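To start, the structure under review is shown below, and the notes come after it.
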Amino acid sequence: MCYTFYSLFLLARTKSKLAKIGIPRSLGASRFYGFWAEFFKTLGHDVLIAPETDRKIIANASEICEPELCLPAKIYIAQCRYLAKNGADAIFSPCYESSDPWIMPCPKVIAINDLVRSAVNNIPQILQPSVEMDIDEEMFSFVSLLKDRQYGRQVAADSQSYRKAYDKALLSMKTPPFEDQREKKFIALLGHSYVLNDPFLTKNILNIIKRYDLGNMIPDSLSWKDCKPHYKNAGLLQPLHWQLGRKIIGFSKYVSLKDNIAGAIYVSAFGCALDEVLSEAAHSIMKEKNIPFSFIMMDEHTQPANINVRVEAFLEICKKIR
């Protein structure tokens with residue numbers, strides 16, 4: 001991380017003002033882009049956050065990306081292209097690593113910065129420190145910002161300023177505690193958080209669920225600590241190597257034990273090999289409890305009208321069965 005700050009220092013030295021930092025908001029950045037925006041603002045940098053997914057971002061993604069890539073990776077690359085075209089001096093794109101050697105991110109997440117460099121012309125410097133995650137807390141500590149596995153443990157010279165920025169950014173991430181669905185029937189939305197938390201991809205699904213007077217829950221509704229015991233009781237033949245996958249399965253097991261669950265919808269992005277495994281495991285968990293299950297795959301060509309028909313038909317089935 002201090003290598004990253006050293007890079008920022010050099011960028012600032014070459015300009016009349018501090019560097020403008022570009023921050024994507026898809027894929028692995030979906031949860032933490034707000035944290036980093038506040039962090040760098042507190043340090044005095046200009047910050048440019050990539051826009052939310054829209055038709056223009058999707059069109060750019062289709063133009064510059066290989067068709068085999070999953071949709072979130074395409075969106076990430078298109079967001080980096082936007083940042084490059086709009087004056088970012090550097091793009092902040094860290095790699096989040098677990099201290100557990102058995103837990104790994106998706107291969108596309110590992111390679112995303114190389115994919116960005118190969119797809120985007122005139123890309124500015126990509127700052128890619130390794131940030132060690134505390135899996136149980138689903139967050140990284142301040143200490144992890146002062147070391148980088150790639151360059152060895154190094155403490156930044158002005159750690160007091162970084163500590164202040166870290167604490168302020170952490171406060172910006174505080175959200176009200178989630179109220180569990182106890183009486184109202186709900187639909188469990190399964191899948192990766194960077195898909196479910198993208199309004200462009202899930203807005204229609206959420207609107208239809210609301211129109212049927214149903215609540216909804218997603219894996220981010222619970223902490224990993226709440227999902228962990230249920231993951232261990234999910235009956236998998238072997239442990240998963242993906243932390244997000246573990247949470248999806250633990251969450252699936254958790255909601256399957258709720259009496260007021262009306263059904264489950266797994267929302268996947270085309271090209272996601274992990275979802276091929278996870279959706280089957282989640283389906284088996286729901287099948288044990290006779291809970292209706294639907295699988296919806298998204299790509300850049302998916303039409304909202306088709307999604308509407310499928311979701312409405314599925315919810316009609318849920319009303320009759322549950």
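Values in this text are rule-based calculations from the coordinates and carry no lab data. Nothing here was measured: the structure is a model prediction, and the numbers come from that model. Note that each Cβ is placed from the backbone with ideal geometry, even for glycine, and that neighbours are counted across all protein chains shown.
If R0 is 56 Å, what FRET efficiency do you get for residue 114 and residue 259 from their C-beta distance, rounded to 0.05?
On the way: r = 47 Å, r/R0 = 0.85.
My answer for the efficiency is 0.75.
Return the tail of the calculated pair distribution for the chain, meaning the percent of Cα-Cα pairs more than 28 Å apart.
Working: 22606 of 51681 pairs.
Of all Cα-Cα pairs in the chain, 44 percent lie more than 28 Å apart.
For the chain, what does the helix formula give at 222 nm: sum of -39500 (n - 2.57) over DSSP H segments with n ≥ 4, over the residue count, nearest 500 deg cm²/dmol?
On the way: 12 runs with 148 residues, N = 322.
After summing the helix terms and dividing by the residues of the chain, the value is -14500 deg cm²/dmol.
Please sort 159-172, 262-275 by packing, taking for each peptide the average over its residues of neighbouring beta carbons within 10 angstrom, highest first. Don't skip to the answer; put the middle values down first.
Details: 159-172: 15.3, 262-275: 21.7.
Output ranking for 159-172, 262-275: 262-275, 159-172.
Sort 304-315, 212-223 by the packing proxy (mean of other Cβ within 10 Å over each peptide's residues), most packed first. Don't skip to the answer; put the middle values down first.
Values: 304-315: 14.8, 212-223: 18.1.
Ranked from most to least packed, the peptides come out as 212-223, 304-315.
Treating cross-link reach as a plain straight distance, find the aspartates and glutamates whose alpha-carbon is under 15 Å from the alpha-carbon of residue 232, omitting any fewer than eight places away in the same chain.
136
Which part of region 80-94 falls in the paramagnetic zone of residue 143, meaning amide N under 11 Å from the point 7 Å along Cα-to-beta-carbon?
What the label zone holds, given the 11 Å backbone N cut-off, is no residue at all.
In region 78-113, what chymotrypsin sites (Phe, Trp or Tyr not before Pro) fall in a loop by DSSP, with at most 13 other Cβ atoms inside 10 Å? Numbers along the way, then the final one.
Details: sites: 82, 92, 96, 102; in loops: 102.
Qualifying residues, ordered by number: 102.
Which peptide among 191-201, 108-118, 136-146 comes first, and what is the full order, when sorted by highest mean count of other Cβ atoms within 10 Å?
On the way: 191-201: 20.5, 108-118: 17.3, 136-146: 15.3.
Ranked by mean Cβ neighbours within 10 Å, highest first: 191-201, 108-118, 136-146.
Could you give me the ³J(HN,Hα) list for region 213-219, computed from phi with Karplus coefficients 6.51, -1.76, 1.60 and θ = phi - 60°, whole Hz, x at Gly and Pro?
Taking θ as phi minus 60°, the curve returns 6, 10, x, 8, 9, 10, x Hz for region 213-219.
If the limit is 22 Å between Cα atoms, which of 258/319; 168/247; 228/258; 184/253 go over it?
Values: 258/319 16 Å; 168/247 28 Å; 228/258 17 Å; 184/253 19 Å.
Beyond 22 Å between Cα atoms: 168/247.
Rounded to the nearest 0.05, what FRET efficiency is calculated for residue 232 and residue 59 with R0 set to 45 Å and r the Cβ-Cβ distance?
Working: r = 43 Å, r/R0 = 0.96.
For R0 = 45 Å, the calculated efficiency reads 0.55.
How about region 45-92: which GluC sites (Glu not before Pro) there lie in a loop by DSSP and see at most 10 other Cβ atoms within 10 Å? If you can, show how the numbers build up before the last one.
On the way: sites: 52, 63, 68; in loops: 52, 68.
Here the sparse-neighbourhood loop sites are 68.
Relative to the present Cα-Cα distance, how much length would full extension add between residue 206 and residue 170 at 0.36 nm per residue of separation?
Values: separation 36, 0.36 × 36 = 12.96 nm, distance 2.84 nm.
Result for the pair: 10.1 nm of gain on full extension.
Which whole-Hz ³J(HN,Hα) couplings does region 85-100 yield from phi under the Karplus relation 6.51 cos²θ - 1.76 cosθ + 1.60, θ = phi - 60°, glycine and proline marked x?
Computed from phi, the couplings for region 85-100 are 7, 10, x, 5, 7, 7, 10, 8, 9, x, 9, 8, 10, 9, 6, 7 Hz.
List, in order, the whole-Hz ³J(HN,Hα) value for each residue of region 24-41 obtained from phi through the Karplus relation with A = 6.51, B = -1.76, C = 1.60 and θ = phi - 60°; use x for Gly and Pro.
Along region 24-41, the couplings run x, 9, 10, 6, x, 7, 4, 8, 10, 5, x, 4, 5, 4, 5, 4, 6, 4 Hz.
Could you tell me the calculated FRET efficiency between residue 317 and residue 161, based on Cβ-Cβ distance and R0 = 51 angstrom, to the nearest 0.05? Spell out each step's value before the answer.
Numbers: r = 56 Å, r/R0 = 1.11.
After rounding to 0.05, the efficiency reads 0.35.
Which cross-chain or sequence-distant (5 or more) residues have an amide H under 5 Å from the amide H of residue 295, H modelled 1.01 Å from N in plane?
266
Excluding residues fewer than 8 places away in the same chain, name every one of the lysines whose C-alpha is closer than 27 Å to that of residue 56.
Filter leaves 20, 74, 85, 108, 203.
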